[in-house]
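Read through the structure below, which is laid out as C-alpha cells, and then see the notes.
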Amino acid sequence: MTLLDRRSLLIAGGALAAASATGTATARVPPSSMVPLIGPGYRPVDADERGMWQQMERVEEEIAGSNLVVQDAALAGYLKGLIGKVGGPAARDFRIYLVRIPDFNALMFPTGMAVIFTGLLLRMRNEAQLAGVIAHEAAHFLRKHQIRQWRDMRTRTDIFAMLAMGAGIAGGAAGVNTGDISQLGQLGTILSLLRYNRGLEAEADAMGVRLLAEQGYDPRAMAETWAQLIAEEKLSAKYRRKRRHRDISLFGTHPSPESRMADLRLSAADVMRPGAIYDARHASYLAAIGKIRSTLLDDQVKLNDPGASLYIVNNLAQDGWNGLLRYSEAEIYRLHNRAGFDEHAARSYAVAVQYPDAPADAWRWHGIMLSKAGRREEARAALTRYLALAPNAPDAAFVRQMLVS
Amino acid sequence: MRHVTIALAGSAALLVAGCVQTRQYADVQFAPPSGDYKLLVMRPDVSVGSVTTGGLTEARADWTEAARTKLLAALRAQQAGRGGNVLILDRRDSLPGVGAETIAELERLHGAVGNSIALHKYLGEDLPTKRRKGLDWTLGAQAVALGQRTGMDYALFLHAEDSFASTGRVALQVLGIAGCIVGFCAPNVGGGSQFAYASLVDLRTGEVVWFNVLQSKIGDIRTDAGAAEMVERLLGRMKPGREVRRAMRAGV
C-alpha cells in the first residue's frame, strides 16, 4: 500500500469511527433538566478544581487591569445588574468586564468571571438578547462546565495513553506495527473531546433559556441572536464575493449556529407559560448603551467588513432609523470605495442630517459630498452647520478657510 | 501565556541535554551584585502540578502554595548569604508609595522583553544587531523610575514550575520500559520536570543585566531542600559579563 493510500484510508476510517461514535448532531437538552450544580458563594473543594481556580487568579487580575476594559461605571453597573438577574444562585458571585473588542463574543472563566466584548453590545437589539448571552455564560459556571470538561479530557487522554501503550506492547509481542491504529485512536479521542464541548454548549443554551424566562425576558431572544449572526455572516461573505464559511460540524467545538438556533426556538417554547408576560426591554437597553453606541458603530465600521456592518446597521434600524445609524451606513459605503458606493454614501449623509441626532461629522461629509457634486451653496450651508456643531473640531480652521475661499 | 515562548525554549534545550541544565546570559558589563545591595523581588510566579496518565499537567493549589513559601524562604537565605537586602513583593500593591498599576505595567513590559530574550537567545533566532553583545535588553525609564522611587538597586523576576508524575503516569513509564522485552520500547514517557527562569534588572540603568533558564528532571520545590536547590541552581553561580571577566583576567 502506498503512503497516500494509507493516509486517505486513515482519514476515512477516522471520520467513520467518529461518526459512529458520536453522531454528527448533538441532541437538544431539555431546559427543565438544567438545574444549577452549585449554590451561592461556591468555593472549590476538590484538588483539581482548586488548582484551576488558583491558576485563574492572575488571569483575572490581568483582565481586570487591562486597558481594553471599558472604563464606564454606569455601564459596568448595568452589566453587573444583568448578570445579577439571570445568574441564578451564583448571581452575587459573578464579576463581569466589558472589553473594547469589536467582535461577537463573550467568555466565562471557571471562577465566575465573565468577559463581554463591545462587539456583542453593538449587535444586541434589546436587553433580552444581551441577557440571553449573559445567561448562557452564567450557565457555564452554574453547571461547572470548565472543570467537568477538564476531567473528561483527563479521563480520555488517560485511557488513550494506556490503550496506545497496551496496543503497542501487544503488537510488539505479535510482531505488528500498531502506529496507524494508534493514530486513529488519537483522532477518535480528539473528536470525542469536541463532542463533549458541544454537549456543554447545548446545556448552556438550554439553561440560559430557562434563566431568561424566569426573569420575565422573552426567551425567544436567544434564537433571534443566532438568526442575526447567521444573516450577518451571509451578507459579510456576499460582499466579499465568498461563500459563508461553515465549519465542519464534526470538528467544531460549538454546535453550528443553525442547529443552536433551531434548538433554542424549541427550548423557548418549552419554558414559556401561557398567560405570562415576556418582555424584550428595548428602552432600558438603549438607555444603558446609548452613550457608547457611536463608539461601538465606529469600531465596527472601521473593520471594513461592509456586508457585516450594513447588516448590523439595518438590523438595529428595525427598531427605527436615526441620524447615527444613517451616518454609520454612509460611512460604510464611503470607506469601502466600490463603484457606485459614493452615491450611496452621499444619499445616506443627506438622509442622516434630517434627523436631530445626526452627528456633526454627518454635516461635514454631507457638505463635502455636495461640494463634489458642484452644489456650492448647499455645501456652504452644511459646512457652516458642521462648524456650529463642532467649533473645536481638529479640522475646524481648515473648513473655515474653505468657506472663505 | 507570556511564558509559552520561554517554556518552549526550555523544552527544546531539554531534549539535547541531560537531567539538570542551566543556561545564563549576562550584559557584557555585568558584575554580580555583592556587598550591601538592595534587591526587589517581583511577585514570583510559581506553579506546581501533577502529570496525569495521559500526560497533561494538572495544577495543584496546595503544592503551589507550599512551593512558593519554600522558594521565597530559600531565596531570602541565599541572598542574605551574599550580603543583599531583599524585599519580596507579594501583591502588586504591597510596595508603599508605588501604585499597583505601576507594578503591573512593569510586569507586562518584562513579560514582553523576557519573551524577546527567550526567542533570540534561547530559541536560536539570532539577531545580527545583538551578536557578541551579551545580553542587550532594557526595561527603560520605567524601571529607572521605580528604582529612584524605592531606593532599590535591582529587581528580580522569577518564574518556577514543577510537576510530579501521578501513579498512573508512573505505571505508564514502567510499561514503556517493560515493553522493551517484547520489542516495543517506549522509554521516553515523560514524568515530572522543573522549569524556571530568573531575570535580573539593574534599576539604576533599567537594563536586563542577567538572565538564566533552568531545566531539570529531578528535584522537588515543595520541600526546603528542593527549594534551596532550585534557588542555588538558578541564582547561585552568576557569571560576570564578558568585559568584566576580561578585566578580571587582565588584573590577575
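Ordering B:ILE177, B:THR205, B:ALA59 by Cα displacement along the dipole of chain B toward the positive end leaves B:THR205 in first place; charges were set at the Cβ atoms of Lys, Arg (+1) and Asp, Glu (-1). Name the shape class, rounded, prolate or oblate, that the alpha-carbon gyration tensor gives for chain A, where a ≥ b ≥ c are the square roots of its eigenvalues, rounded holds for a/c under 1.5, and otherwise prolate holds if a/b is larger than b/c and oblate otherwise. Judged from the Cα gyration tensor, chain A comes out prolate (a/c at least 1.5, a/b above b/c). 3J(HN,Hα) couplings calculated from phi for the range B:95-103 with the Karplus curve 6.51 cos²θ - 1.76 cosθ + 1.60 (θ = phi - 60°) are, in sequence order, 9, x, x, 10, x, 4, 5, 4, 5 Hz; Gly and Pro show x. Between the C-alpha center of the range B:187-210 and that of the range A:108-178 there is a gap of 31 Å.
Answer with one residue from A:ALA330, A:ALA288, A:SER371: the one whose Cα lies farthest towards the positive end of the charge dipole of the range A:282-404, charges on Cβ with Lys, Arg +1 and Asp, Glu -1. Final value for the positive-end residue is A:SER371. Mean per-residue shielding of peptide A:50-61 is 4, counting Cβ atoms of other chains within 10 Å of each Cβ. Basic side chains Lys and Arg get +1 at the Cβ, acidic Asp and Glu get -1 at the Cβ, and with that the dipole of the range A:261-364 about its Cα centre reaches some 120 debye. Using θ = phi - 60° in the Karplus curve 6.51 cos²θ - 1.76 cosθ + 1.60, the 3J(HN,Hα) couplings for the range B:171-176 round to 4, 5, 4, 4, 4, x Hz; x is entered for Gly and Pro.
As a proxy for reagent exposure, ranking A:TRP321, B:TRP137 by other Cβ atoms within 10 Å from fewest up yields A:TRP321, B:TRP137. Using a ≥ b ≥ c from the Cα gyration tensor of the range A:355-405 (square roots of the eigenvalues), is it rounded, prolate or oblate, where a/c under 1.5 gives rounded and otherwise the larger of a/b and b/c decides, a/b for prolate? Oblate is the answer for the range A:355-405, as a/c is 1.5 or above yet b/c matches or exceeds a/b.
Amide H to amide H, with H built 1.01 Å from N, A:ALA358 comes under 5 Å of A:GLY323, counting only residues 5 or more places away or on other chains.
For B:TRP210, the residues whose amide H sits under 5 Å from its own are B:ASP27, B:LEU200, ignoring neighbours fewer than 5 places away on the same chain, with H placed 1.01 Å from N. Reported to the nearest whole Å, the Cα centre-to-centre distance from the range A:200-232 to the range A:257-326 is 13. Note on the range A:194-324: percent of Cα-Cα distances in each 5 Å bin, starting at 0 and stopping at the bin with the largest distance, equals 2, 9, 15, 17, 18, 18, 14, 7, 1, 0.
Within chain B, the cysteines lacking any other cysteine Cβ closer than 4.7 Å to their own Cβ are B:CYS19. Working note: Debye formula, equal point scatterers on the alpha-carbon atoms of the range B:4-251, no solvent; log10 I(q)/I(0) at q = 0.10 Å⁻¹ is -0.52.
Between the helical axis of A:306-316 and the longest alpha-carbon principal axis of chain A there is an angle of about 80 degrees. How high is the FRET efficiency from B:GLN142 to A:VAL70, r the C-beta distance, R0 22 Å, rounded to 0.05? Here the calculated transfer efficiency is 0.30.
Electrostatic bookkeeping for A:THR118 treats Lys and Arg as +1 and Asp and Glu as -1; over the other residues with beta carbon under 12 Å from its beta carbon, the sum is -1. Shape of the range B:35-142 from the C-alpha gyration tensor: oblate (a/c of 1.5 or more and a/b not above b/c, with a ≥ b ≥ c the square roots of its eigenvalues). Peptide B:56-68 has a mean of 4 when you count, residue by residue, the C-beta atoms of other protein chains within 10 Å of its C-beta. By the compact-protein rule of thumb, 2.2 N^0.38 Å, the alpha-carbon radius of gyration of the range B:80-186 corresponds to a ratio of 1.69. Taking every lysine pair in chain A that is 8 or more places apart or spans two chains, those with Cα atoms closer than 24 Å amount to 10. Sorting A:LYS291, B:LYS121 from the fewest to the most surrounding beta carbons within 10 angstrom yields A:LYS291, B:LYS121. With both labels modelled 7 Å from their Cα along Cα-to-Cβ, the A:ALA227 to B:GLU101 distance reads 4.4 nm.
About the centre of its Cα atoms, the range B:166-252 shows a dipole size close to 360 debye [charges on the beta carbon of Lys, Arg (+1) and Asp, Glu (-1) only; nearest 20 debye].
When each of A:VAL99, A:VAL133 is scored by the number of other beta-carbon atoms lying within 10 Å, the sequence from fewest to most is A:VAL99, A:VAL133. Legend: mean number of C-beta atoms from other chains within 10 angstrom of residue C-beta atoms, peptide A:281-291, equals 0.
DSSP beta bridges confined to the protein assembly as shown are antiparallel in about 60 percent of cases.
None of the figures in this text is laboratory data; all of them are computed from the coordinates on show. A quick note: this is a predicted structure, and the numbers were derived from the prediction, not measured. All Cβ positions, even for glycine, are placed from backbone atoms using ideal geometry, and neighbour counts span all protein chains on display.
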